[in-house]
């Protein structure tokens, strides 16, 4: 019996390489994995693309990737990628859905002091809908805060430019998802030290989908740095695809 493929969707400032550690772990478990690089994130980056794409275009891109797979996949998204994944799950058959440090859709109270501080430096970029990178100070505070200084530097140096239009849609809660149309099993995972998606916000997202909820002590928004997260999420996926 062939197992469902796994499709990964990265978040802001990243590309498909964000998932390399996850993909190696799942490959050892015998799963076929795929990872999207969202529009405008290929190197060298095309700023003319980044100025005109946003969440809507990313959603269509992921839907097209799933259609090309020819089978209902496990869909895994991180942060903005998890918001995209939620919307895709509303209209697309999936084996299961994994939301890591997810951005909240419309209707979930997500504003906190820490989320405001994460986005504060890029408010103008959102208003102007122009490409941007999160400043080092904000990234270190809200996204990378539980990593070692060396890990923080390495990850930040890999950050790409992101769509200001996508940021505007994220911070304004523009993406609506009808949870009644999400019929597959869902897992929501978050770090207890995540300041971009605080655990309380992630819990509300889990409640929306009647999802399993895992909170990881001493982990931040950048969950892919944690071996425990990779092992436990991979174990959840393999259990679901074998049911």
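Read the figures in this text as sums done on the coordinates, not as results from a lab. Computed from a predicted model, the values in this text were never measured in an experiment. Glycine gets a Cβ as well: all are built from the backbone with ideal geometry, and neighbour counts include every protein chain shown.
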Next on the checklist: Cβ neighbours within 10 Å, averaged per peptide: list 54-60, 210-216, 142-148 in order, most packed at the top.
Outcome noted: 142-148, 54-60, 210-216
Next on the checklist: Ignoring everything except DSSP H segments at least 4 long, calculate the 222 nm mean residue ellipticity for the chain; use -39,500 (n - 2.57) per segment, divide by total residues, nearest 500.
Outcome noted: -12500 deg cm²/dmol
Item to check | Ellipsoid semi-axes in whole angstrom, largest first, where each is sqrt(5λ) of the Cα gyration tensor of region 142-243 | outcome: 24, 21, 13
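Give the average over all directions of the projected area of the C-alpha convex hull of region 199-239, one decimal, in nm².
Working: hull surface 12.7 nm².
Orientation-averaged projected area of the Cα hull: 3.2 nm².
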Next on the checklist: Below 8 Å, C-alpha to C-alpha, sequence gap of six or more: please give me the relative contact order for region 93-152 in percent.
Outcome noted: 27
Checklist entry - Extent of the chain along each principal axis, from alpha carbon coordinates, in Å, largest to smallest? => result 50, 36, 35
Checklist entry - With N residues in region 5-127, what two-decimal value do you get for its Cα radius of gyration over 2.2 N^0.38 Å? => result 1.10
Item to check | Measure of compaction for region 88-202 (Cα Rg per 2.2 N^0.38 Å) | outcome: 1.14
Checklist outcome for this item: Percent relative contact order for region 6-242, counting Cα pairs under 8 Å at least six residues apart, stands at 23
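Ranked by Cβ crowding within 10 angstrom, fewest neighbours first, how are 182, 53, 74 ordered? Spell out each step's value before the answer.
On the way: 182 23, 53 20, 74 26.
Arranged by neighbour count, lowest to highest, 182, 53, 74 become 53, 182, 74.
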Checklist entry - By per-residue mean of other Cβ atoms within 10 Å, what is the highest-first order of 221-227, 119-125? => result 221-227, 119-125
Checklist outcome for this item: Between the Cα axis of helix 55-69 and the main Cα principal axis of the chain, the angle (0 to 90°, nearest 10) is 30
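What is the packing order of peptides 130-137, 111-118, 99-106, taking the mean over residues of other C-beta atoms within 10 Å and listing the highest first?
Working: 130-137: 17.2, 111-118: 15.1, 99-106: 25.5.
Ranking the peptides 130-137, 111-118, 99-106 by packing returns 99-106, 130-137, 111-118.
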